[in-house]
1. Apply the a/c threshold of 1.5 to the C-alpha gyration tensor of the stretch A:65-188 and tell me whether it is rounded, prolate or oblate.
2. Stretch residue A:394-residue A:428 to full length: gain in nm at 0.36 nm per residue minus the Cα-Cα span?
3. Which FRET efficiency value, to the nearest 0.05, do you get for residue B:339 and residue B:431 by plugging their Cβ-Cβ distance into 1/(1 + (r/R0)^6) with R0 = 35 Å?
4. If I fit a long axis through the Cα atoms of helix A:276-290 and take the longest principal axis of the Cα atoms of chain A, what angle between them do I get, 0 to 90°, rounded to 10?
5. Can you tell me the order of B:309-315, A:175-181, A:529-535 when each peptide is scored by its average per-residue count of other Cβ atoms within 10 angstrom, highest first?
6. Taking the simple approach of a point 7 Å from Cα along Cα-to-Cβ for both residue A:439 and residue A:330, what is their distance in nm?
7. For residue A:160, put the label point 7 Å out on the Cα→Cβ axis and report which residues of the stretch A:118-150 keep their amide N under 11 Å from it.
8. Once Rh is set to the Kirkwood radius over Cα pairs, what Stokes-Einstein translational diffusion coefficient, in µm²/s, holds for the stretch B:9-143 at a temperature of 10 °C and a viscosity of 1.306 mPa s?
């Protein structure tokens, strides 16, 4: 592949046109609205269409509702038995494939993550119904593991044949008495992407688990960390920093989580939201029902980590914490600075593209900025407009048929437990100091003028972008990895980190710098052509020497 | 079911379809199925897996998926330009009862299938059988494209079953050495073992051309490897196109390879070249050289029926004792066949079709073994029980090599023995006390 062209040669409008030219007219019209050139407009910011149906036949990066619910949100909880009601496949594919690390076993002495449980529905179950089989499987799980909780997940055919998984769950829950059983109607065809699965999971966790802990959680500066999934040990690193600062993390949703941690979330005094897309529903509900405010944080990037810690300290407004956070930052930063100093000469001015998730395409730009790298194009797989443009667009969002199918639960202030952690005056004062509550600015504002923001990027468009803009690095998921690398461009998985990580926090940032240095400066890519391919013509006959 | 030793039909159909030249597998269902299958196959092969989906929404699930599939076919031919689209169904489209042939007819009538292009499909409901069944159903759907022919062309159809691209390459090499004119389908070599060159093609050069598959009715016979993977397709060619077939075991290990080579030279009417006899001799040589380390060792194996049958026979042939044998795939014949193969061993054998890895683990706890052979998921058992472990089967998510180095044939047998020996002897070296630790083994 030839050396990257200078950015000035690209007109984003031309690139967009190239991405669309091969599509049938109807597809081109739809995709045109999901490919946005990030440029200032009179009086407004550009609008992007997101969270809309995937086009049949167009090879998408997206997965389904079940993947979002069972795979992402509920998958990491180590002491809840996950039982998938459906034919075998869905349970098999979500079995240990998301790199959720856990040391929760230290608290609960149960780790069910290595187990894959399924009702393995057969054709007779499809015809006659699978409720009996589900009941038997729940009983078997209970007898075998004696867990605190059993979560049931519906796959596509369950919704179609009308098995009432919630009734079965309720019945078994009552029968056991000492084991909470609840169900998720997360059939894969619901919604347009994983995103609806997140919503369904949020609702059920909130309804069935939060507030159930019998024990009072002690500790100072109690927070929840929402939307952190401990891929590659990210959560371990963040928790290390919290402990060092004296911040008590009551509950992470849902990396390295346990049933009791979920159940205790109502005891925190602040919710910190990492991945806005997947968990903002829980953040909102915690505030409405228990009076716990939430702020957006980001622990991807050393500077972002420092900023988020300061924000938390500001919220609690105690000198002890504020000072301690500064001490920790001062202790951690030298190693980070040294690592940057080492890699920066080799990474500066390199370019990247990020197409991943509902927050990572945003968060990881922090790390690339620290590396002196420029993000040419980015987008989310399953985000909504607010994740691109900021939460201020929320009131104007139209609810389409696909979103309407996802249950919205009504939550109101708990008569006994509602306790606003801050008064209106305190909130106003904190906002003046820069602590934004319930605020997420989105991806677009942090992207440079003239960059391309693409929602639900597909294989064809990815190939076009790489071919035309020749980035030094492309970031997406496993399905995209090898087609990009065949083009001679290194590809970093930002879902599963290619077996690497952690990349969060201070130590994670150092890991990431070294990893990106390895990728964009590897000699491997220079071997693609054999000597005889580089110089195919012999200009003269060589004499044997 | 806990810790399955199987997955669902569509992934097998997707893998089989990738063995057709210029073919885009298409999953008719919600998009998560396609995403999961692509992810799993990608992790196994470390190669791009292109496949599309009908991306059902709730509406399509209620009203049927015809509109989605028609739109998909149109988009696929416009954007990706494959020669073939091989559609497989999912539990979703099967439960609502979408009728693929009717939708294909509509596509042709609506002129969204360009001239010279093929769209065909297989019914692969996830709630019947396993990934092996899905593979078999897709291969059978390929065979169904063949028409009866009076012009026999002397070709032998070989249906290799769900083996690695490297295995398919090896089968072609052996056939070429014998001088047999073969047409193998499906053939994922050259598709899922592509080189890194700086260019990417969604359809690399490999795969069986669809025209050759359509001409399978002109062959003089079919060799189907593996009852579970390949027999249905071969029998269909027999009944529909009057192409006689032999169903053989997958040629893993000495005796199954012997039968394959013998059958091939008989149908081809040619003699086996010395080269192959020498390869065979090398395998027998290693079996005898290292026999002391194999003899009497107990083995647990999990995997797919065709592979397990051949592996069991191979293990017995070197005097190992396969004592626990589990597949997740159903099939009464499986247990019977394993009983026959292990009948002369003087130890108890546990065998189960429709079993799972949880059961296998229990068996191992009750009756410990010296070696475990299975897919990557078995490493949790290997770690718990501290067992020497050989990765073999599908999926292998944490090691490399299976896509490049065959385990079929005699040279494949050498590789299997090398792997088994390495883990057994590594273990011996690790565990031997100082006073008996030895240089030469």
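Each reported figure results from applying straightforward, stated rules to the coordinates on display, with no laboratory input. Quick caveat: nothing in here was measured; it's all calculated off a predicted structure. Glycine gets a Cβ as well: all are built from the backbone with ideal geometry, and neighbour counts include every protein chain shown.
1. Verdict is oblate for the stretch A:65-188.
2. 10.1 nm
3. 0.60
4. 30 degrees
5. Going from most to least packed, we get B:309-315, A:175-181, A:529-535.
6. Placing both labels 7 Å along Cα→Cβ, they lie 2.9 nm apart.
7. Zone members listed by number: A:126-127.
8. The estimated diffusion coefficient comes to 110 µm²/s.
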